[in-house]
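Quick notes on the structure that follows.
The values are calculated or read from the model by the stated rules, or taken from the named source; none is laboratory data. Everything numeric here is computed off the predicted structure, so don't read it as measured data. Reconstructed Cβ throughout: ideal geometry from the backbone, glycine too, with neighbour counts over all protein chains shown. Note: accessible area is taken over every heavy atom of the protein model, side chains too, but ligands, DNA and RNA are not part of it. Shrake-Rupley method; radii C 1.70, N 1.55, O 1.52, S 1.80 Å.
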Amino acid sequence: QKAYSVETGKELNSPLIGLHNFRNTEVAVNVCKAAGLSEEAIFKGIESFPGVKRRQDILFQSDYAVVMEDFAHHPVAIEETVKAVKKAYPQYRIISLFEPRSATSHRNVFQKEFAESFRKSDLAIVTEVFNKEKVDKKNRLDVKKLVKDIPKKSKIKKALYAKDTQDLLLKLSEELKAFSKEKVVVLAMSNGAFGGIYPELIEMVKNR
């Protein structure tokens with residue numbers, strides 16, 4: 001996303017991707033102006049701001065693959081993040097990994113919305129809810145139903161259920177074979193540690 005100064009017409013190039021980040025940047029610019037900062041200082045700060053850790057955080061990048069971590073844990077965050085990544089990497093296939101771990105994603109209040117949030121992905125793999133005992137079955141997100149609904153509701157080709165993070169790695173290892181001749185972004189979304197899979201995930205993508 002790009003913005004322009006109303007005063008000077010200068011182009012502002014933020015390294016952050018996605019409409020949500022563009023809107024956040026707009027707010028930040030207005031707050032800084034209200035605080036009396038010069039436009040030069042504002043633009044310099046924004047253009048050099050690398051972003052927040054665990055928000056589209058690139059863990060590995062090569063000419064053919066990217067591994068990215070994001071804190072997305074509710075339907076709007078997932079949809080906006082995937083959309084932003086697809087726009088930033090239009091020639092790449094997007095593999096979305098999701099761990100329902102937060103208080104929001106544990107519950108089935110957004111069962112329908114989660115199924116609709118993986119648009120622009122080429123593949124989605126979702127683990128079982130982290131620590132299922134936190135929510136009774138009646139109110140818990142039904143992950144098996146979710147992965148059945150994702151292809152239709154998000155209009156993507158394929159979604160898979162993983163019983164845990166290690167099962168996710170096994171399934172991903174198999175699925176990556178279908179992308180062997182294509183560039184991929186593996187987008188891991190969780191508000192937690194995702195079972196500590198990142199070192200293994202990076203090695204898998206490096207060596208695919």
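The rows are residues; the columns are (1) touching a Cys at 6+ places or on another chain (Cβ under 8 Å); (2) more than 20 Å from A65 (Cα to Cα); (3) free of Cβ contacts under 8 Å to residues at least 60 places away in the same chain.
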site: A115; (1), (2), (3): no, yes, yes
site: K132; (1), (2), (3): no, yes, yes
site: K145; (1), (2), (3): no, yes, yes
site: P151; (1), (2), (3): no, yes, yes
site: K155; (1), (2), (3): no, yes, yes
site: L168; (1), (2), (3): no, no, no
site: A178; (1), (2), (3): no, no, yes
site: A188; (1), (2), (3): no, no, no
site: G195; (1), (2), (3): no, yes, no
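Condition (residue is assigned to a helix (DSSP H, G or I) and modelled with pLDDT under 95) applied to region 56-77: is it met by at least one residue? Yes: one or more hits. One residue stands out among those in region 175-193 that are under 13 Å from the mean Cα position of the chain (by Cα) and at pLDDT below 95: the one that is farthest from F118 (Cα to Cα), which is N191. Within region 88-103, restricting attention to residues that are open to solvent by 50 Å² or more (accessible area, probe 1.4 Å) and under 13 Å from V184 (Cα atoms), the residue that is farthest from the chain's Cα centre (by Cα) is Q91.
Restricting region 87-112 to residues that are within 16 Å of V67 (Cβ to Cβ) and either among the polar types (S, T, N, Q) or not in a loop (DSSP other than H, G, I, E, B) (or both), the residue that is modelled with the lowest pLDDT is A88.
For region 113-196, list the strands (runs of 3 or more DSSP E) that sit wholly inside it and hold at least 2 residues that are among the β-branched types (V, I, T) and surrounded by 15 or more Cβ atoms within 10 Å (Cβ to Cβ); which are they?
Details: elements: 123-127, 159-162, 184-189.
In region 113-196, 123-127, 184-189 are the strands (runs of 3 or more DSSP E) which contain 2 or more residues that are among the β-branched types (V, I, T) and surrounded by 15 or more Cβ atoms within 10 Å (Cβ to Cβ).
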